[in-house]
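Take a look at the structure below.
The values are calculated or read from the model by the stated rules, or taken from the named source; none is laboratory data. What you see is a predicted model, and the numbers here were worked out from it, not measured in a lab. In this analysis, Cβ positions are derived from the backbone assuming ideal geometry, glycine residues included, and neighbour counts consider all displayed protein chains. Heavy atoms of the whole protein, side chains included, go into the accessibility calculation; ligands, DNA and RNA do not. Shrake-Rupley method; radii C 1.70, N 1.55, O 1.52, S 1.80 Å.
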Amino acid sequence: MNPIKKIYCRTFQTGLKLALPFLPYRKPKILGSLKNIPETIRKHKCSRVLIITDEGILSLGLIRRLENRLAAEGIPYFIYSKTVANPTTSNVAEALELYHTNHCDALIGFGGGSSIDCAKAVGARVVKPKQSLAKMKGILKVHKRLPLLIAIPTTAGTGSETTLASVITDSVTRYKYAINDFPLIPRYAVLDPKVTLSLPPFLTATTGMDALTHAVEAYIGNSTTYATRKEALLAVKLIFENLESVYHDGSDLDKRRNMLHASFYAGCAFTKSYVGYVHAIAHSLGGEYNVPHGLANAVILPYILEAYGSSVHKKLYLLAVEAGIVSPETPCDQAASEFIRTIRAMNAHFGIGNSIPEIRKEDIPKLAHYADKEANPLYPVPVLMDAKELAKFYDMLLEEHHGSRRN
Ligand SMILES: NC(=O)c1ccc[n+]([C@@H]2O[C@H](COP(=O)([O-])OP(=O)(O)OC[C@H]3O[C@@H](n4cnc5c(N)ncnc54)[C@H](O)[C@@H]3O)[C@@H](O)[C@H]2O)c1
Ligand SMILES: [Fe+2]
């Protein structure tokens, strides 16, 4: 990256960091179970609810418990279940129409990050009917209080239940972008591990690696605070303690709960301290080819950590110690290599592999441009890179360079 752009990026990031204590961050109130939802809806004087979910969750019957609770309390509810992975502007438009036609006044995002992000974007459109989602891209473009929004994550996960982001893909251009503003932080998050029991092993692994990527990118960035460092470390510890075993046996409720909490803490860390180039590249691949978000992050993470070199060794050493991978006596550079090696080994073990076969060589300049646009100047990454430098990672991810393919 040229020196002028570097100065611009670092000045922008320092400005945001200095502003951090004065910004209206908040955390959602945590509900431990679905059964508190009717009472919460009544407390907010709401009467008609739109539940936003996806077909997979609907067909598994995961929302039935919620439906029964709402029906028992006489609260009318409507369901939008067409959310797709990497939710689109069309999903938001359809759900918004359902919200208005049924005179709803509250939203429940029930599912993975896709359903929760769709619900957040619907909320944004409810309060800003004249502004398109594309116009809300970036930071601080919503600035109006959303209708009551309750997030029920069924993956662990994106942390979307606590973040100020909603990531949406333009149905026409396939450009995937984030809308970031404080009103998008849900009022309530229901961390109920029962709704994650049905997650199959591969999705458990990829969504768990997404949470790990949040914690790592937030921790190694330049805009951490004492609190976000603590949250990121706790998330990493919980993920290393639990992910492997829930991958093999998804029925352990305590371990599923630990993963939900890990995802929540990682979300708390990155909503204030940002993600980095791993996410920027993953979003471009999710938009263009529908590559699942967690899968893309998992594959990209070791490449980017390697490229940051010695600038992140000390931090990766601290993460490796917290994860229980190395002892505190291990030299920094050795611990950092071990941390990266372990992520690669986890990817191999989970069948995630080390390439993204969907990438087409001719798309790389456009994708790298998208990643550059998303990350610079916003993300306080340890080493700045421009589109040309980011393009190299897409090349590395091309399948032709690798022996191993994902499942
Ligand atoms: N807003 C944020 O802060 C934030 C952070 C990270 C990622 N994201 C976004 O979130 C999206 C990814 O979300 P995700 O990884 O949670 O996946 P997802 O919501 O796209 O769901 C993936 C698949 O898992 C299935 N699924 C979900 N829960 C299940 C369960 N309990 N049992 C069985 N199947 C289940 C769904 O039906 C779907 O087929 C991406 O669009 C990503 O960009 C948002
Ligand atoms: Fe993510």
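Quickly run through region 321-358 and pick out the residues that are closer than 14 Å to Met209 by Cα and in a loop (DSSP other than H, G, I, E, B).
The answer is Phe350, Gly351, Ile352, Gly353, Asn354.
Quickly run through region 325-348 and pick out the residues that are open to solvent by 60 Å² or more (accessible area, probe 1.4 Å) and in contact (Cβ under 8 Å) with a residue 40 or more places away in the chain. Spell out how you get there, then give the answer.
Narrowing region 325-348 to residues open to solvent by 60 Å² or more (accessible area, probe 1.4 Å): 328-329, 331, 333-334, 337, 341, 344, 348.
Hits for region 325-348 are Arg344, Ala348.
Can you tell me which residue is farthest from Ala282 (Cα to Cα) among those in region 100-121 that are hydroxyl-bearing (Ser, Thr, Tyr) and open to solvent by 10 Å² or more (accessible area, probe 1.4 Å)? Write out each step before concluding.
If we filter region 100-121 for residues that are hydroxyl-bearing (Ser, Thr, Tyr), which is where we start, we get 101, 114-115.
From what's left, open to solvent by 10 Å² or more (accessible area, probe 1.4 Å): 101, 114.
Details: Thr101: 35, Ser114: 14 Å.
Going through the qualifying residues, I end up with Thr101.
Looking only at region 176-190, filter to residues that are open to solvent by 10 Å² or more (accessible area, probe 1.4 Å) and hydrophobic (A, V, I, L, M, F, W, C); which one of those is nearest to ligand 1 (Cβ to nearest atom)?
Ala178
Scan region 20-44 for residues that are at pLDDT 95 or above, over 21 Å from the mean Cα position of the chain (by Cα) and open to solvent by 30 Å² or more (accessible area, probe 1.4 Å) and jot them down.
Residues satisfying the conditions are Glu39, Arg42, Lys43, His44.
Hey, among the residues in region 57-89 that are small (Gly, Ala, Ser) and touching a residue at least 24 places away in the same chain (Cβ under 8 Å), which one's surrounded by the fewest Cβ atoms within 10 Å (Cβ to Cβ)? Walk me through it before giving the result.
Step one: list which residues in region 57-89 are small (Gly, Ala, Ser), which gives 59, 61, 71-72, 74, 81, 85.
Within this subset, residues satisfying the condition of being touching a residue at least 24 places away in the same chain (Cβ under 8 Å) are 72, 81, 85.
Details: Ala72: 10, Ser81: 18, Ala85: 17.
Looking at the filtered set, the residue picked out is Ala72.
Please find, within region 45-61, the residue that is nearest to the chain's Cα centre (by Cα) out of those that are polar (S, T, N, Q) and assigned to a loop (DSSP other than H, G, I, E, B).
Pass one, region 45-61, residues polar (S, T, N, Q): 47, 53, 59.
Narrowing further to those that are assigned to a loop (DSSP other than H, G, I, E, B): 47, 53.
Details: Ser47: 30, Thr53: 16 Å.
Once the filter is applied, the top-ranked residue is Thr53.
Given the options Leu285, Leu295, Leu316, name the one that is in contact with a Leu (Cβ under 8 Å, 6 or more places away or on another chain), open to solvent by less than 60 Å² (accessible area, probe 1.4 Å) and within 16 Å of ligand 2 (Cβ to nearest atom).
Working: Leu295 fails: in contact with a Leu (Cβ under 8 Å, 6 or more places away or on another chain); Leu316 fails: within 16 Å of ligand 2 (Cβ to nearest atom).
Unique residue meeting the criteria: Leu285.
Which residues, taken from region 300-313, are more than 20 Å from Arg229 (Cβ to Cβ) and within 13 Å of ligand 2 (Cβ to nearest atom)?
Correct list: Ile300 only.
Inspect all residues belonging to region 257-270 and state whether any of them is farther than 23 Å from Lys17 by Cα, more than 13 Å from ligand 1 (Cβ to nearest atom) and buried (at least 24 other Cβ atoms within 10 Å of the Cβ).
Yes, there is a match, as at least one residue in region 257-270 is farther than 23 Å from Lys17 by Cα, more than 13 Å from ligand 1 (Cβ to nearest atom) and buried (at least 24 other Cβ atoms within 10 Å of the Cβ).
Which count do you get for residues in region 67-88 that are within 13 Å of ligand 1 (Cβ to nearest atom) and not in a loop (DSSP other than H, G, I, E, B)?
Residues that pass the stated criteria total 1.
Restricting the first residue to region 90-108 and requiring it to be of a type outside the set (A, V, I, L, M), which pairs with a second residue that is surrounded by 17 or more Cβ atoms within 10 Å (Cβ to Cβ) and part of a helix (DSSP H, G or I) meet a Cβ separation below 7 Å and a spacing of at least six or different chains?
Pairs that qualify, where the first residue is of a type outside the set (A, V, I, L, M) and the partner is surrounded by 17 or more Cβ atoms within 10 Å (Cβ to Cβ) and part of a helix (DSSP H, G or I), are Asn91/Cys118; Tyr99/Val122; Tyr99/Val126.
Filter region 191-205 down to the residues that are open to solvent by 10 Å² or more (accessible area, probe 1.4 Å) and in a helix (DSSP H, G or I) and list them by number.
Hits for region 191-205 are Lys194, Pro201, Phe202, Leu203.
Output the residues belonging to region 143-175 that are part of a loop (DSSP other than H, G, I, E, B), more than 22 Å from Ser198 (Cα to Cα), open to solvent by 10 Å² or more (accessible area, probe 1.4 Å) and within 14 Å of ligand 2 (Cβ to nearest atom).
Hit for region 143-175 is Leu164, nothing else.
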